[in-house]
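Notes follow the structure.
The values are calculated or read from the model by the stated rules, or taken from the named source; none is laboratory data. All values derive from a computational prediction rather than experimental measurement. A quick note on method: Cβ atoms are made from the backbone with ideal geometry, for glycine too, and the neighbour counts reach across all protein chains shown. Just the protein is used for accessible areas: all its heavy atoms, side chains included, with ligands, DNA and RNA removed. Shrake-Rupley method; radii C 1.70, N 1.55, O 1.52, S 1.80 Å.
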Amino acid sequence: MARKRYQTQTAETLLGEDGIVRVKMFSDTRESLADAKENIAVFARLCDGRKRPVMIDLGGSRSISQDARRYYSGEEAGRHICASALIVGSPVSRVLGSFFLGLNKPAYPVRLFTSEAEAIKWLKEFGP
Amino acid sequence: MTQKPVEICQESLDQILDLILRLASGNLEARLEPSAEGNELDALAVGLNMLAEELGTSVREHKHALDSLVSGEKKFRTITDTAQDAIILLDNDGRITLWNPAAEKIFGYTAEEACGRSVHTWIAPPEYFESYKNGWSKFRDTGQGPVIGKTLELQARTKHRGVIPVELSVSSANLQGSWHAIGILRDISERKAMEKSIKEERSVLRVVDRTLSSFIGGMEAQAAFDSVLVELLRQTDSEYGFVNDCRIDDEGKPFMQALAISNIAWDEETRRYYDENAPDGFKFYDYDGLNAVAVVTGEVVIANDPANDPRSKGLPEGHPPLNAFLGIPLKRGKKIIGTIGLANREGGYDEAVVERLELFWSAIAEVIEAHQIDEARRKSELRMEHMANYDGLTGLPNRALFNERLNYAAARAKRYAESFALLLLDLDRFKDVNDTLGHPVGDALLAAVGERLKSAVRESDVVARLGGDEFAILQLGLENANDAAGYAQRVIDLLAEPFVIEDHQIHTDTSIGIALYMPGESDPTHLFSQADTALYRAKAEGRRGFRFHDAQVEAEVRQRVAINEELHEAIAKKQFVLYFQPQVDIRTRRLVAVEGLLRWHHPKRGILGPCEFIPVAEDSGLLLEIDGWVLKEACRQMRAWHDQGLMGKAMMSVNLSPLQFKTADFEEKVVAALKEAGLDPHSLELEITERSLAERPDDVAKVMKRLDARGVRFSIDDFGTGYSSLQYLKRLPVSKIKIAQEFVRDMMQDASDASIVRAIIRLGQELGHEVVAEGVETREQLEFLQDTGCRLVQGYLFGRPQPACELTARLRKGGDYV
């Protein structure tokens with residue numbers, strides 16, 4: 001089902017046949033700017049020059065540094081991401097997602113979901 | 001998925017409280033490590049950590065921004081405070097919100113005075129109000145306007161310096177949602193003054209260039225100085241002025257000479273002033289007035305109230321009004337070589353005018369110096385030339401120059417067939433004067449002789465001292481040899497008058513040798529030797545006389561001189577007589593008139609005809625006297641014949657000379673002669689020549705008409721030989737025309753003469769004039785005339801000119817002229 005799959009220090013990233021990129025953060029990760037840059041680089045490679053919607057499961061994250069958040073909401077990430085659905089199934093991930101959404105104001109549409117299905121459904125609106 | 005409720009333990013709460021307290025104390029680096037459980041307390045910790053991080057970053061960034069702002073403001077203030085140009089910020093309403101120190105300096109208003117005021121109505125001159133008003137509403141909306149983004153020069157009003165020129169660059173900026181205008185303004189007063197100064201300097205340089213060019217370009221010096229003065233008046237807005245240079249006269253006295261003097265104020269009064277005060281080419285020896293102060297002191301003179309200026313000595317009568325005066329000394333190095341005077345500039349003169357034209361003053365001084373040097377050189381050349389050509393003692397041309405003039409006269413005489421005379425003279429016994437009274441007296445005598453000779457000649461003639469006591473005169477435009485003789489005699493008489501030199505009365509005589517140049521007759525190259533030979537003969541023959549080189553000329557001249565002297569005697573001793581020749585009517589064979597003809601009963605030479613003495617009488621001025629006698633005598637004789645019952649209705653015919661006819665009292669004299677003789681005017685006929693008529697036809701006509709009205713008749717003598725005009729035959733009261741003898745004499749041999757005689761007779765008949773044929777000597781002539789219709793004749797055939805007594809006897813015998 002997955003066409004390509006990559007792993008970084010903090011997450012596993014794969015591109016689904018539906019054209020949606022799926023990112024799952026490893027358990028108990030503390031994401032720094034370097035991690036963010038690695039993840040976006042992987043994302044860019046998967047997308048191969050096209051903007052794609054992405055679903056990110058923040059369930060394993062324990063923290064994301066301010067630099068990393070700014071990088072995810074910045075110009076480089078916006079070049080590859082057309083929409084982002086954040087799966088926030090735990091209190092910590094909900095805090096992280098809310099902060100990202102409220103304080104970092106990314107340049108692409110971002111929404112928080114607790115259900116992957118609803119997230120996929122929403123992302124498909126931005127489908128390839 | 002449902003989450004299990006978190007069990008809150010005291011320790012966790014303490015940890016969270018501790019974190020908050022640390023953050024509250026300013027430790028924004030404080031963090032709380034969440035557990036791996038990821039429960040709500042962990043989420044709280046993560047949230048607090050993130051808030052702390054955001055807050056820390058925000059505080060850092062704010063501080064950084066604030067630092068940056070303060071730094072920017074500091075830089076901005078540094079720039080605006082130290083800028084040389086005024087920086088003015090205007091808000092949306094055109095009110096000043098920024099006014100830097102340079103603006104304070106330029107405009108003289110403090111920032112407190114300036115801020116809040118409308119720039120448009122405050123520092124902009126009134127002429128800009130309208131354009132500001134029209135453009136500002138658009139600027140308010142768009143930040144655009146006609147001056148935005150441009151740099152322009154305009155005028156601005158200042159607190160203390162009036163209106164000044166400024167350079168303004170305007171830009172716009174949107175600050176906090178409204179458009180502001182930023183003006184950077186530079187005071188360009190100095191630049192403009194510099195530009196003006198450069199422009200004026202260039203203008204002066206052009207003037208200087210023009211001035212120098214007028215001298216270098218060969219313009220005549222006077223015209224060049226006149227143009228300099230005109231330029232001076234224009235450059236200084238003066239009414240009139242002068243350019244003087246300083247000179248030293250021959251006696252070593254300094255004076256100022258006007259090289260140019262303006263005639264702007266040359267009304268009648270001013271002209272009289274200059275005529276009276278500068279008769280010798282505007283030379284001023286008086287250094288005691290405003291016009292000379294610059295020369296005396298070497299300083300510029302500015303007198304804007306000359307009437308009350310202590311340096312002024314007042315104005316002479318007739319001087320043009322003087323309201324302001326500028327005197328400029330013209331210097332070359334330290335030497336003052338002249339002065340410029342300018343008058344009546346509106347508002348007076350100032351240092352600025354003097355400084356502005358500094359180059360011009362220098363240029364004028366330069367050309368005056370060059371002029372003085374040039375003039376000195378020319379004077380020196382003239383002096384040298386004079387010394388080479390003139391005699392130092394008498395100032396007369398020397399031998400070299402005289403020879404030159406003689407050659408010129410000879411060439412001219414040859415070309416134009418003119419005559420001239422060369423007179424050589426020396427003083428008799430001059431050596432005695434030198435030997436007895438000394439050379440200084442001798443020299444003074446020579447100088448005095450030179451003066452007398454100069455006074456005796458015409459301007460066109462040349463008098464020279466050839467050396468010693470030898471003088472020469474070139475008498476040009478000679479009519480005949482007699483002119484030279486008369487002239488020589490005048491010179492002899494003139495020098496015979498005693499000279500008074502150093503209390504010595506010196507008598508000296510002179511002898512003169514004359515050589516004549518007559519075109520085609522003499523050779524001019526030999527004139528000197530000829531005159532010298534003649535002089536030698538004059539001296540040899542007894543001094544105080546003159547001799548001609550040519551013997552025949554000599555004889556003729558002697559004869560004329562003798563006749564001249566004898567004519568005076570003839571008048572005094574009544575040696576003139578009238579002969580009478582009859583005019584006869586060939587049809588009636590009766591006498592109709594007698595022509596009175598002048599003869600001179602010369603004591604030695606017998607009876608002389610008029611051609612032998614009338615030319616001399618004419619030259620000597622005796623002719624009129626003789627003419628007058630003829631008229632009176634003819635009238636007297638006619639009256640005598642009438643008293644004796646002779647003559648009947650015959651008339652007395654008298655010839656008038658052209659000179660006689662020209663005299664103003666001619667008419668009076670005719671009337672007086674008639675009255676004195678008691679003769680009826682109808683018995684007198686005056687014969688006039690065509691020449692008399694042609695010279696002054698209108699005047700002659702008037703006289704003739706008045707005498708005709710009295711009864712005097714007129715005939716035209718020698719008709720056909722002069723300047724014939726048929727007009728006067730028609731217009732004038734002529735009763736008779738006389739055919740000249742020369743036509744009558746040859747008419748029997750010359751068909752042309754015969755035709756002329758016929759034509760004259762026909763003409764007389766047509767116009768109703770009587771025609772007299774003169775010189776009739778033969779029967780053939782008489783018959784021809786008779787056949788042609790001529791009635792009156794005169795000639796040997798009927799009687800030669802004869803004394804009154806003979807004619808009286810003939811008349812007494814009676815009978816016709818057959």
>> Looking only at segment B:53-89, how many residues end up being of a type outside the set (A, V, I, L, M) and assigned to a loop (DSSP other than H, G, I, E, B)?
In response: 2
> For the subset of segment A:62-102 comprising residues that are polar (S, T, N, Q) and more than 9 Å from chain B (Cβ to nearest Cβ), which member is surrounded by the most Cβ atoms within 10 Å (Cβ to Cβ)?
Replying inline: A:84
> Inside segment B:281-324, can you point out the residues that are in a loop (DSSP other than H, G, I, E, B) and open to solvent by less than 40 Å² (accessible area, probe 1.4 Å)?
Replying inline: B:289, B:298, B:309, B:312, B:318, B:320, B:322, B:324
> Which one is least open to solvent (accessible area, probe 1.4 Å), of the residues in segment B:36-53 that are over 18 Å from residue A:59 (Cα atoms) and more than 7 Å from chain A (Cβ to nearest Cβ)?
Replying inline: B:52
> Restricting the first residue to segment B:57-76 and requiring it to be within 14 Å of chain A (Cβ to nearest Cβ), which pairs with a second residue that is not in a helix (DSSP H, G or I) meet a Cβ separation below 7 Å and a spacing of at least six or different chains?
Replying inline: B:59/B:28
> For segment B:540-632, list the strands (runs of 3 or more DSSP E) that sit wholly inside it and hold at least 3 residues that are at pLDDT 90 or above and either under 18 Å from residue B:651 (Cβ atoms) or touching a Phe, Trp or Tyr at 6+ places or on another chain (Cβ under 6 Å) (or both); which are they?
Replying inline: B:576-585, B:590-602
> Could we say that residue B:168 is touching a strand residue (DSSP E or B) at 6+ places or on another chain (Cβ under 8 Å) and either β-branched (Val, Ile, Thr) or open to solvent by 30 Å² or more (accessible area, probe 1.4 Å) (or both) here?
Replying inline: no
> Since residue B:640 meets every condition but one in (1) part of a strand (DSSP E or B); (2) surrounded by fewer than 17 Cβ atoms within 10 Å (Cβ to Cβ), which condition does it not meet?
Replying inline: (1)
> For the subset of segment A:103-128 comprising residues that are away from chain B (no Cβ under 14 Å) and in a loop (DSSP other than H, G, I, E, B), which member is nearest to residue B:44 (Cα to Cα)?
Replying inline: A:106
> Any chance segment B:192-204 includes a residue that's touching a strand residue (DSSP E or B) at 6+ places or on another chain (Cβ under 8 Å) and at pLDDT 85 or above?
Replying inline: yes
>> Among the listed residues B:20, B:79, identify the single one that is surrounded by fewer than 18 Cβ atoms within 10 Å (Cβ to Cβ), away from chain A (no Cβ under 11 Å) and in contact with a helix residue (DSSP H, G or I) (Cβ under 8 Å, 6 or more places away or on another chain).
In response: B:20
>> Among the numbered criteria (1) on the phi > 0 side of the Ramachandran plot; (2) in contact with a helix residue (DSSP H, G or I) (Cβ under 7 Å, 6 or more places away or on another chain), which one does residue A:15 miss?
In response: (1)
> Checking residue B:201 against (1) more than 12 Å from residue B:359 (Cα to Cα); (2) in contact (Cβ under 8 Å) with a residue 40 or more places away in the chain; (3) open to solvent by 80 Å² or more (accessible area, probe 1.4 Å), which test does it fail?
Replying inline: (1)
> So how many residues does segment B:449-499 have that are in a helix (DSSP H, G or I), closer than 28 Å to residue B:559 by Cα and not hydrophobic (A, V, I, L, M, F, W, C)?
Replying inline: 7
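Residues are listed down the side, and each one gets a yes or a no for (1) touching a Lys or Arg at 6+ places or on another chain (Cβ under 7 Å); (2) closer than 30 Å to residue B:286 by Cα; (3) hydroxyl-bearing (Ser, Thr, Tyr); (4) open to solvent by less than 10 Å² (accessible area, probe 1.4 Å):
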site: B:336; (1), (2), (3), (4): no, yes, no, no
site: B:339; (1), (2), (3), (4): no, yes, yes, yes
site: B:355; (1), (2), (3), (4): no, yes, no, no
site: B:358; (1), (2), (3), (4): no, yes, no, no
site: B:366; (1), (2), (3), (4): no, yes, no, no
site: B:378; (1), (2), (3), (4): no, yes, no, no
site: B:382; (1), (2), (3), (4): no, yes, no, no
site: B:392; (1), (2), (3), (4): no, no, no, no
>> If I filter segment B:107-119 for residues that are touching a Leu at 6+ places or on another chain (Cβ under 9 Å), closer than 17 Å to residue B:148 by Cα and either in a helix (DSSP H, G or I) or open to solvent by less than 30 Å² (accessible area, probe 1.4 Å) (or both), do I get at least one hit?
In response: yes
> Which residues, counting only those in segment B:394-452, are buried (at least 19 other Cβ atoms within 10 Å of the Cβ) and of a type in the set (Ser, Thr, Tyr)?
Replying inline: B:394, B:419
